[in-house]
Amino acid sequence: MLLVVGVYVVAGNLVNSVGGAGKTLAKGSVPAAYQALVQKWGNHCPAINPALLAAQLYQESGWDPDVVSHADARGIAQFIPGTWAAHGIDGDGDGDRDIWDPNDAIPSAASYDCELAKYVKDVPGDVTNNMLAAYNAGAYRVIRAGGVPAITETQNYVKRIRSLEKSFAAPVGRVDPSKQAAGAISYAQSKLGTLYLWGGNGTPEQGGRFDCSGLTKAAYESVGITLPRVANDQYNAGPHPARDELLPGDLVFFSDDLTNSRAIRHVGIYVGGGYMIDAPRTGAVIRFDPIDTPDYFGATRVTEDGAKALPTTV
């Protein structure tokens, strides 16, 4: 308890620190199979960057190259066939334009973004925000409105992608502490000694038991932040502090594949001093565990905007 209280004080002293997102992808945030493509094509024009492109692809498909939406949007970049016919490119130079091939679809998404940026380049305001608005509502509406139009869906889309961008970018400075961290830790602390349950969400019919991501989800719900149910999506709920920048309340993640956040299999809540509270496995109880193990993947500083930006279908 003294350990946790002590690191709360450290966190409080850092509340006014400055954080930011750069142009480099955060460690493992993009599956290894697509990382080079996203890094390359995310620099296709000044209006986009690799983290922004990654945020769009994650929002659209959750990195699933075979997904089809109810509107017949297809593949990892979720192109409608008609849009693909006009804007799809042969990204890998193999002589065809395949909507299902990420080697074509990811470059096409970047190319299409940059086309839209050209259409709205003379519109007042942030060119990237205007580009995203054009992606959602059409360039004509952005031009007519003189910026992001007053359409709730479009405004929310722009906000979601810009928030997710921070989750996919490697921070270039210290990340602001979470205002809700103390409450989340307090909740997790109150569950110490509770027996693990696979799929447990802490409901009365489950005897108040949790698995790892059920515990972290409930801890942040107790302070008004709704996280996805599974650990690998919780990783995208905010920016990613380095190991030596961890603060209490950060989520810490573990994986057998340290190159791919989609392979994350465990999560806990950092409490300071190299320890977390977690629900480790069947037969064990919620407890303190060290985080410095060979399968340590990284951390996320949960933000309210970051959590709200996460798609609900991945």
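The values are calculated or read from the model by the stated rules, or taken from the named source; none is laboratory data. A quick note: this is a predicted structure, and the numbers were derived from the prediction, not measured. Because the Cβ atoms are built from the backbone with ideal geometry, glycine has one as well, and the counts that use them run over all protein chains shown. Note: areas computed on protein heavy atoms with side chains; ligands, DNA, RNA excluded. Shrake-Rupley method; radii C 1.70, N 1.55, O 1.52, S 1.80 Å.
Computed from Cα atoms, the angle from the helix 50-61 axis to the main principal axis of the chain rounds to 90 degrees.
Computed packing ranks the peptides 241-253, 145-157 as 241-253, 145-157, most packed first, by mean other Cβ atoms within 10 Å. Enumerate the aspartates and glutamates that residue 166 could reach by cross-link, defined here as Cα to Cα under 16 Å, with residues fewer than 8 away along the same chain left out. Correct list for residue 166: 176, 233, 250, 304, 305. The length gained on full extension between residue 43 and residue 121, counted as 0.36 nm times the residue separation minus their Cα-Cα distance, comes to 26.4 nm.
What dipole magnitude, in Debye to the nearest 20, does the stretch 34-171 give about its Cα centre under +1 on Lys/Arg Cβ and -1 on Asp/Glu Cβ?
Numbers: 11 positive and 17 negative charges, 161 e Å.
It comes to approximately 780 debye.
For the peptides 124-133, 292-301, the ranking by mean Cβ contacts within 10 Å, running from highest to lowest, is 124-133, 292-301.
Quick check for me: using +1 on Lys/Arg Cβ and -1 on Asp/Glu Cβ, what's the dipole size of the chain about its Cα centre, in debye to the nearest 20? Before the final figure, lay out the partial values.
Numbers: 26 positive and 33 negative charges, 197 e Å.
That gives a dipole near 940 debye.
Excluding same-chain neighbours fewer than eight residues apart, the lysines reachable from residue 118 by a Cα-Cα span under 20 Å are 40. Starting from the Cα of residue 153, step 7 Å toward the Cβ, then list every residue of the stretch 126-147 with an amide N under 13 Å from that point. Counting only backbone N, you get 135-138. With Cα atoms defining each centre, the stretch 220-292 and the stretch 80-96 are spaced 39 Å apart in the structure. For the stretch 55-147, the relative contact order is 17 percent, taking Cα pairs closer than 8 Å that sit 6 or more residues apart in sequence and dividing their mean separation by the residue count.
Taking label points 7 Å from Cα along the Cα-to-Cβ direction, residue 24 and residue 71 give a separation of 3.6 nm. Listed by chain and number, the lysines placed with their C-alpha closer than 27 angstrom to that of residue 191 are 179, 217, 308; residues fewer than eight positions away on the same chain are left out.
The trypsin sites (Lys or Arg not before Pro) of the stretch 73-157 that meet both conditions, a loop assignment by DSSP and at most 14 other Cβ atoms within 10 Å of the site Cβ, are 121.
Which percent, nearest 5, of DSSP beta bridges in the chain are antiparallel? It would help to have the intermediate numbers written out before the result.
On the way: 22 of 23 bridges.
About 95 percent, rounded to the nearest 5.
In this label model, residue 144 and residue 89 are separated by 2.9 nm, measuring between points 7 Å along each Cα→Cβ vector.
For the stretch 256-268, 3J(HN,Hα) computed residue by residue from phi via the Karplus equation (6.51, -1.76, 1.60; θ = phi - 60°) reads 8, 10, 7, 9, 8, 5, 6, 9, 4, 10, 8, 9, x Hz, glycine and proline entered as x. Angle of helix 127-137 to the longest C-alpha principal axis of the chain, folded into 0 to 90 degrees and rounded to 10: 80°. For the stretch 95-196, the solvent-accessible area with a 1.4 angstrom probe is 46 square angstrom per residue.
For residue 297, the residues whose amide H sits under 5 Å from its own are 253, 254, 255, ignoring neighbours fewer than 5 places away on the same chain, with H placed 1.01 Å from N.
In debye to the nearest 20, how big a dipole does the stretch 225-276 give about its Cα centre with +1 on each Lys and Arg Cβ and -1 on each Asp and Glu Cβ? Provide the component values of the computation, followed by the final result.
Details: 4 positive and 6 negative charges, 35 e Å.
The calculated dipole for the stretch 225-276 is roughly 160 debye.
Among the protein heavy atoms of the stretch 172-271, carbon and sulfur supply 51% of the accessible surface, probe 1.4 Å, non-protein parts ignored.
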